[in-house]
Amino acid sequence: MKESVRRITLIRPNMGDFRASDAMTPLSLGVLSAWTPKDIEISLYDERLEALPESDSPDLVALTVETFTARRAYQIADQYRKRGVPVVLGGYHPTFLPHEAGQHSDAVVTGDAEGVWETVLSDARAGQLQPLYRGTGERPLADYAIDRGIFAGKRYNPIQLIQATRGCRFSCDFCSIRAFYPGTVRRRELSGLVEEIESLNRRQLFFFVDDNLYADREHLLALLAAIRPLGMRWACQVSIDVARDETLLEKMAEAGCLLALIGFESMNAQNLRQMGKAWNRASGGYLEVVERFHKLGIAVYGTFVFGYDEDTTETIRACLDFALAARLELANFNPLTPTPGSRLYERLRTEGRLLFSEWWLDPAYRYGDPIFIPRKMTPESFAEEAFRLKEAFYTWPSMVRRFLGSAAGLDLYQAALVALGNVISRREVFRKQRRSLGA
Ligand code: B12
């Protein structure tokens with residue numbers, strides 16, 4: 001172990017051996033940078049944009065790891081360790097599987113970096129790196145800080161990612177969020193959020209990475225009132241029940257919301273019940289919900305997931321029919337992916353329905369492949385059907401038809417955004433499908 005830590009490398013691994021066109025600034029690494037003492041020099045490598053240097057030998061390397069990037073992250077970690085560089089792994093995947101991550105690192109950090117990263121660095125400096133550091137996931141966000149200086153000069157999508165809250169008040173069985181943030185939803189001070197937005201380029205689109213910007217009515221109203229004067233244009237992920245509240249929707253539009261990402265997931269009520277998302281239907285019919293957003297000029301990005309027990313070719317195709325009828329500006333159709341830490345993964349594992357026990361490490365697994373045995377379809381058919389829907393939604397004629405037929409009354413900026421979003425989604429659909437994870 002190095003006695004002194006003067007240079008560290010931060011790495012955002014890629015999923016596989018290909019460049020991505022949807023790379024946005026990795027906020028997690030911006031947070032690490034903000035909490036790193038100023039006398040330590042930081043290099044950032046984002047493998048989605050650039051190849052990693054072959055002979056990098058910093059005093060410490062830290063990687064942010066998601067389940068889809070775990071295999072690649074371990075390959076990179078193993079190479080650094082071979083060169084004698086101590087490795088720290090953190091993020092979603094190491095939080096859920098610290099033991100697995102520990103086999104490829106000198107230290108694993110679970111949960112939030114804040115409150116722990118400083119200790120990791122001081123221990124590393126003292127030559128006493130511990131194998132496991134536990135972030136709480138419940139620490140207040142009062143001292144939220146991020147350093148975007150490390151992203152300078154990199155070819156990220158020109159979107160400003162910003163975070164107002166952590167966690168989600170819902171607990172859907174496929175999602176990693178509740179397991180990662182077990183406590184209540186934490187909110188940042190609005191004054192700090194406003195200050196951060198003011199320091200960024202407001203000609204660019206902002207994307208709130210919050211898992212559900214509608215944490216509660218009072219908070220959302222306060223947030224919208226705080227950002228409205230900033231004149232920014234933004235997108236967010238939001239639960240469908242926001243559409244029940246006309247005032248909230250109007251205020252979102254007035255505050256500059258151009259695009260809302262909504263998880264419709266399924267047209268089938270029993271599937272929704274099984275995933276713990278029966279509340280999705282309580283806000284009215286899906287078509288009517290989308291209309292409410294469109295009326296206020298907010299475009300809608302709908303996401304769907306296939307493979308729950310009631311799914312058949314018909315229930316899956318019904319999602320495409322809805323997406324087209326509702327004139328969704330963007331959509332994503334995904335085969336259900338059991339990630340460790342989710343209730344879904346545990347359920348499928350105990351039911352003996354997993355086709356791979358650790359698909360994220362398995363060289364035979366390819367992106368988009370079925371990972372488990374569905375009830376009413378063959379494994380291949382639900383995965384194929386999901387891909388067929390993506391293909392159908394993102395054919396050039398479909399993209400042009402949907403663009404011209406958008407019901408949101410797109411202004412020029414929004415139209416450009418929707419058009420670009422479609423082109424990038426199309427490219428990513430074909431680029432990722434059936435790619436192996438790792439190099
Ligand atoms: C924005 C986003 C995207 C963007 C890209 C973001 C980017 N920067 O390029 C887009 C839309 C392209 C995207 C794509 C995908 N995403 Co995404 N995404 C998000 C989202 C909503 C926000 C990410 C973010 O900025 N968070 C804010 C930062 C500050 O939080 P953080 O990353 O958790 O980091 C904190 C801690 O985790 C920890 N930490 C993290 N890394 C490290 C490393 C070290 C060393 C340490 C000490 C600490 C540490 O400290 C940080 C600060 O406290 C998250 C959900 C979420 N709430 O995070 C999903 C999420 C990360 N995505 C997810 C998934 C599944 C995907 C896809 C695979 C989906 C798909 N089927 O294709 C793809 C491909 C991603 C890939 N790996 O290549 C899952 C990952 C689940 C998992 N178990 O790994 C999440 C959690 C969503 C979910 N609800 O399940 N995504």
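A compact table of results
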quantity: In the range 388-411, the residues that are over 21 Å from Arg317 (Cβ atoms) and among the polar types (S, T, N, Q); calculated: Ser406
quantity: Residues that are open to solvent by 30 Å² or more (accessible area, probe 1.4 Å), within 11 Å of the ligand (Cβ to nearest atom) and of a type in the set (Gly, Ala, Ser), drawn from the range 90-124; calculated: Gly115
quantity: Residue in the range 391-408 that is in a helix (DSSP H, G or I), outside the structural domain of Asp22 (by TED's automatic domain parsing) and within 14 Å of the ligand (Cβ to nearest atom) present; calculated: no
quantity: For Ile150: the one exception among (1) farther than 14 Å from Gly30 by Cα; (2) more than 10 Å from the ligand (Cβ to nearest atom); (3) touching a Ser or Thr at 6+ places or on another chain (Cβ under 9 Å); (4) of a type in the set (A, V, I, L, M, F, W, C); calculated: (1)
quantity: Matching residues in the range 382-435 - criterion: being within 24 Å of the chain's Cα centre (by Cα) and at positive phi; calculated: Arg434
quantity: Where Tyr74 falls short, out of the listed (1) crowded, with 20+ Cβ neighbours inside 10 Å; (2) of a type outside the set (Asp, Glu); (3) not in a helix (DSSP H, G or I); calculated: (3)
quantity: Leading residue by the ranking (nearest to the chain's Cα centre (by Cα)) among those in the range 129-143 that are closer than 19 Å to Ala101 by Cα and assigned to a loop (DSSP other than H, G, I, E, B); calculated: Gly137
quantity: Of all residues in the range 125-141 being touching a Gly at 6+ places or on another chain (Cβ under 8 Å) and open to solvent by 60 Å² or more (accessible area, probe 1.4 Å), the one that is nearest to the ligand (Cβ to nearest atom); calculated: Arg139
quantity: Close pairs (6 angstrom Cβ cut-off, 6 or more residues apart or separate chains): free of Cβ contacts under 8 Å to residues at least 60 places away in the same chain in the range 35-61, open to solvent by 40 Å² or more (accessible area, probe 1.4 Å) and among the hydroxyl-bearing types (Ser, Thr, Tyr) anywhere; calculated: Leu52/Tyr45
quantity: Only listed residue being closer than 30 Å to Ala416 by Cα and in contact (Cβ under 8 Å) with a residue 60 or more places away in the chain, chosen from Leu320, Leu344, Leu361; calculated: Leu320
quantity: Answer from Gly302, Gly297 - the residue that is within 29 Å of Gly231 (Cβ to Cβ), surrounded by fewer than 18 Cβ atoms within 10 Å (Cβ to Cβ) and small (Gly, Ala, Ser); calculated: Gly297
quantity: Residue that is farthest from Val418 (Cα to Cα), among those in the range 263-292 that are surrounded by fewer than 22 Cβ atoms within 10 Å (Cβ to Cβ) and basic (Lys, Arg); calculated: Arg273
quantity: Residue that is most open to solvent (accessible area, probe 1.4 Å) [pool: residues in the range 349-390 that are part of a loop (DSSP other than H, G, I, E, B) and of a type in the set (Lys, Arg)]; calculated: Arg375
quantity: Members of the range 232-262 that are farther than 15 Å from Leu220 by Cβ and either open to solvent by 10 Å² or more (accessible area, probe 1.4 Å) or among the hydroxyl-bearing types (Ser, Thr, Tyr) (or both); calculated: Arg233, Leu258, Leu259, Leu261
quantity: Cβ-Cβ under 8 Å pairs, at least 6 apart or on other chains, the range 88-109 side more than 18 Å from Gly137 (Cβ to Cβ) and of a type in the set (Gly, Ala, Ser), far side modelled with pLDDT of 95 or more and more than 7 Å from the ligand (Cβ to nearest atom); calculated: Gly102/Val108; Gly102/Pro131; Gly102/Leu132; Ser105/Ala77; Ser105/Arg81; Ser105/Val87; Ser105/Pro94
quantity: Top-ranked residue in the range 327-348 [being open to solvent by 10 Å² or more (accessible area, probe 1.4 Å) and in a loop (DSSP other than H, G, I, E, B); ranked as farthest from the ligand (Cβ to nearest atom)]; calculated: Arg327
quantity: Subset of the range 147-201 [more than 26 Å from Arg228 (Cα to Cα), of a type in the set (A, V, I, L, M) and open to solvent by 30 Å² or more (accessible area, probe 1.4 Å)]; calculated: Ala152, Ala179
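This table checks each residue for (1) more than 10 Å from the ligand (Cβ to nearest atom); (2) touching a Gly at 6+ places or on another chain (Cβ under 8 Å); (3) among the small types (Gly, Ala, Ser); (4) assigned to a strand (DSSP E or B).
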site	(1), (2), (3), (4)
Pro37	yes, no, no, no
Leu44	yes, no, no, yes
Leu52	yes, no, no, no
Leu63	no, yes, no, yes
Val88	no, no, no, yes
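The values are calculated or read from the model by the stated rules, or taken from the named source; none is laboratory data. What you see is a predicted model; the values in this text were computed from it and never measured. Backbone-built Cβ (ideal geometry, glycine too); neighbour counts: all protein chains shown. Please note that ligands, DNA and RNA were not included when accessible areas were found on the heavy atoms of the full protein model with its side chains. Shrake-Rupley method; radii C 1.70, N 1.55, O 1.52, S 1.80 Å.
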